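Written below as structure tokens is the structure these notes are about.
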Amino acid sequence: MDPEQSDRNENNVINSVDCCSLDNAIQLVKESIQRLKDKSLFSYNIYGKDNELLVFKNRIGEYSLYIGKAKVTVRATEEFPSPVHVCTSWESSTGIAEFWVNGKPLVKRGLKQGYSVGAYPKIVLEQEQDSYGGGFDKSQSFMGEIGDLYMWNSVLWPEEILLVYQDSSLINPTILDWQALKYETKGYVIVKPMVWG
């Protein structure tokens with residue numbers, strides 16, 4: 001999964017998020033899957049580094065989090081084809097990476113302690129970037145629905161994660177807010193209101 005770098009491509013989906021660097025990051029996704037394995041949910045690349053922050057669904061019930069090309073993988077029970085709420089967090093100072101699936105915490109893992117995620121990313125949903133804003137492999141594109149996406153610059157407390165899981169609007173995202181995203185779509189993408197909760 002460590003693809004070769006290719007030339008810079010500035011013509012893709014969601015452009016940069018203005019932040020100096022992410023010492024802590026948390027990202028939440030609700031998704032309904034149609035394809036079962038090897039699909040990118042969230043790809044955050046900086047110029048010259050792919051897989052800077054990547055959330056990848058390997059198969060039903062198996063997720064990987066990449067930070068600076070290093071990864072941890074977790075397994076959870078899922079009821080296919082029901083929608084799934086996935087939350088992943090990583091804290092630089094401790095290197096602790098966590099996944100919560102449908103409001104339930106999974107075993108914590110160690111990942112890249114002391115690392116800082118780079119700034120000025122290209123962020124792409126449902127497709128892994130093998131270069132800055134490009135280098136796509138069609139076989140890794142996610143087929144399904146994503147209903148929410150939020151990102152904070154600090155790790156949320158378990159109680160806050162549960163509030164977000166329960167669709168609470170009490171926790172304001174500090175980096176990415178699904179409701180306020182400015183984005184560009186490429187290929188066959190349909191944007192409609194979410195009908196499942």
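The values are calculated or read from the model by the stated rules, or taken from the named source; none is laboratory data. The shown structure was predicted, so the numbers you read here are calculated from the model rather than taken from an experiment. Glycine gets a Cβ as well: all are built from the backbone with ideal geometry, and neighbour counts include every protein chain shown. Protein only, heavy atoms only, side chains kept; ligands, DNA and RNA dropped before computing areas. Shrake-Rupley method; radii C 1.70, N 1.55, O 1.52, S 1.80 Å.
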Subject >> Meets criteria (under 22 Å from GLY48 (Cβ atoms) and either assigned to a loop (DSSP other than H, G, I, E, B) or among the polar types (S, T, N, Q) (or both)) for GLN127 >> reply: yes
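Condition (residue is more than 23 Å from ALA70 (Cβ to Cβ) and not small (Gly, Ala, Ser)) applied to the stretch 85-103: is it met by at least one residue? Spell out the reasoning first.
Kept after step one, since they are more than 23 Å from ALA70 (Cβ to Cβ), are these residues of the stretch 85-103: 85, 102-103.
Those still in the list that are not small (Gly, Ala, Ser) too: 85, 102.
Within the stretch 85-103 (the criterion being more than 23 Å from ALA70 (Cβ to Cβ) and not small (Gly, Ala, Ser)), the answer is yes, since at least one residue qualifies.
It is to be established whether one or more residues within the stretch 131-141 are over 19 Å from TYR66 (Cβ atoms) and either in contact with a Pro (Cβ under 6 Å, 6 or more places away or on another chain) or outside any loop (DSSP other than H, G, I, E, B) (or both).
Narrowing the stretch 131-141 to residues over 19 Å from TYR66 (Cβ atoms): 138.
From the residues that got through so far, the ones that are either in contact with a Pro (Cβ under 6 Å, 6 or more places away or on another chain) or outside any loop (DSSP other than H, G, I, E, B) (or both) too are 138.
Within the stretch 131-141, one or more residues are over 19 Å from TYR66 (Cβ atoms) and either in contact with a Pro (Cβ under 6 Å, 6 or more places away or on another chain) or outside any loop (DSSP other than H, G, I, E, B) (or both).
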**OP:** Considering only the stretch 71-97, state which residues are open to solvent by less than 30 Å² (accessible area, probe 1.4 Å) and under 15 Å from the mean Cα position of the chain (by Cα).
**Re:** VAL72, VAL74, VAL84, HIS85, VAL86, CYS87, THR88, SER89, TRP90, ALA97
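Could you say which residue among LYS138, LYS104, LYS122, LYS108 is closer than 30 Å to TYR188 by Cβ and surrounded by fewer than 19 Cβ atoms within 10 Å (Cβ to Cβ)? Reasoning before the result, please.
Working: LYS104 fails: closer than 30 Å to TYR188 by Cβ; LYS122 fails: surrounded by fewer than 19 Cβ atoms within 10 Å (Cβ to Cβ); LYS108 fails: closer than 30 Å to TYR188 by Cβ.
One residue alone meets the criteria, LYS138.
What strands (runs of 3 or more DSSP E) completely inside the stretch 1-94 contain at least 1 residues that are modelled with pLDDT under 50 and over 20 Å from LYS112 (Cα atoms)? Working first, answer last.
Values: elements: 24-33, 39-46, 49-59, 62-67, 70-75, 84-91.
Output list reads 24-33.
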